[in-house]
């Protein structure tokens with residue numbers, strides 16, 4: 001491996017100066033995009049980042065966690081009032097917890113465990129929806145939007161109270177139990193919007209516990225290996241800080257913690273003590289890399305970018321493909337909607353249609369007509385051969401590489 005330069009960002013993308021209004025004290029940050037952030041982008045040459053990748057390829061992860069990168073970061077932090085030290089890198093350890101797993105109809109759905117909330121709440125919502133004949137409900141009808149929205153509200157209320165780093169807080173395994181989902185499903189009124197005042201209490205909540213600039217990609221190969229990977233630096237361009245000479249953008253994941261109970265973060269999410277800041281603690285996320293099995297064989301890998309809408313995007317893709325038997329492309333083109341309990345509103349794409357929007361209002365839902373929320377990527381073998389799709393709303397594409405033997 002010898003990368004001379006990384007060339008990023010196609011000319012179709014444009015960046016306005018407002019995107020970088022917080023980078024003026026750190027001019028290096030805006031220069032990774034263009035010398036003049038107000039002008040359209042053509043190409044961005046990331047020579048320093050290419051060199052960082054070369055160093056990691058040659059010297060391994062020690063170069064990053066125990067060597068020059070950690071030291072450069074500490075030096076920059078000292079000069080600029082930061083608190084990260086080289087020993088923070090040395091102490092960091094990746095964890096390998098068991099994935100969250102549930103069944104949905106004839107499928108097995110496998111997702112990411114806490115401190116991501118994605119796997120837990122995708123599973124929880126699917127478990128709730130098993131008590132409704134979703135596959136027989138027109139996905140263009142207000143009833144479809146209503147039932148899924150009500151399930152989302154119940155799950156996100158639980159997220160706000162229960163979810164956090166399981167190394168620091170007790171996250172009940174009962175959140176993904178079938179019995180708990182049955183009790184939540186009974187709370188849903190199919191005729192009108194319900195008021196979810198607080199979280200639920202899953203069985204075993206005192207004894208059985210789990211031990212916005214995001215990227216997702218899904219892959220499979222000719223040997224039957226499937227992966228779903230989601231990575232994030234949180235909001236657009238993270239903290240808008242680059243460690244000089246490395247090309248590495250620092251994240252702003254601290255925003256994923258709950259500053260105080262009931263105080264919303266950048267995505268409007270609220271949390272509780274379970275997700276309070278603590279030394280060495282991992283913040284709660286919504287990342288939802290998901291793999292679906294049928295007869296113990298993988299048939300779908302899906303995930304998304306977009307803050308809390310990652311959960312709803314992933315969920316909707318699963319429902320459209322597994323229940324309504326749509327192709328992946330058809331599933332990704334369907335209108336999106338999202339409800340995260342607080343604020344109490346459905347964020348919905350205008351492509352849902354005025355008739356659906358008006359009907360939801362009549363049922364008591366508050367509507368916010370917004371954008372797509374993010375980007376979903378998926379690859380699957382749903383009966384018509386292998387299909388890979390990139391979200392049609394954004395620039396990008398799915399590709400296949402020939403296998404060299």
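Read-outs: derived from the displayed coordinates by stated rules, not from any lab. Given the structure is predicted, the values throughout are model-derived calculations rather than measurements. Here Cβ is always computed from backbone atoms with ideal geometry, including for glycine, and neighbour counts include all displayed protein chains.
Residues of the range 300-323 with amide nitrogen under 16 Å from the 7 Å Cα-to-Cβ point of residue 215? Inside the label zone: 303-307. The label point for residue 281 and the one for residue 58, both projected 7 Å from the Cα toward the Cβ, are 4.1 nm apart. Using the rule -39500 (n - 2.57) for each DSSP H run of four or more residues, divided by the residues of the chain, the 222 nm mean residue ellipticity is -7500 deg cm²/dmol. Each label was represented as a point 7 Å from its Cα along the Cα-to-Cβ direction; for residue 66 and residue 186 these points are 5.6 nm apart. Distance from the alpha carbon centroid of the range 346-368 to that of the range 305-322 works out to 18 angstrom. Sketch the reach of a paramagnetic label on residue 344 as a point 7 Å from Cα along Cα-to-Cβ, and name the residues of the range 152-194 whose backbone nitrogen lies under 14 Å away. It comes to 153-154, 157, 193-194, nothing else. Taking the average, over residues, of other Cβ atoms within 10 Å as the packing measure, peptides 68-81, 377-390, 104-117 rank 104-117, 377-390, 68-81 from highest down.
Distance between the modelled labels on residue 103 and residue 381, one decimal in nanometres: 2.3 nm (7 Å Cα→Cβ projection). At an R0 of 41 angstrom, the distance between the Cβ atoms of residue 294 and residue 197 translates into a FRET efficiency of 0.60.
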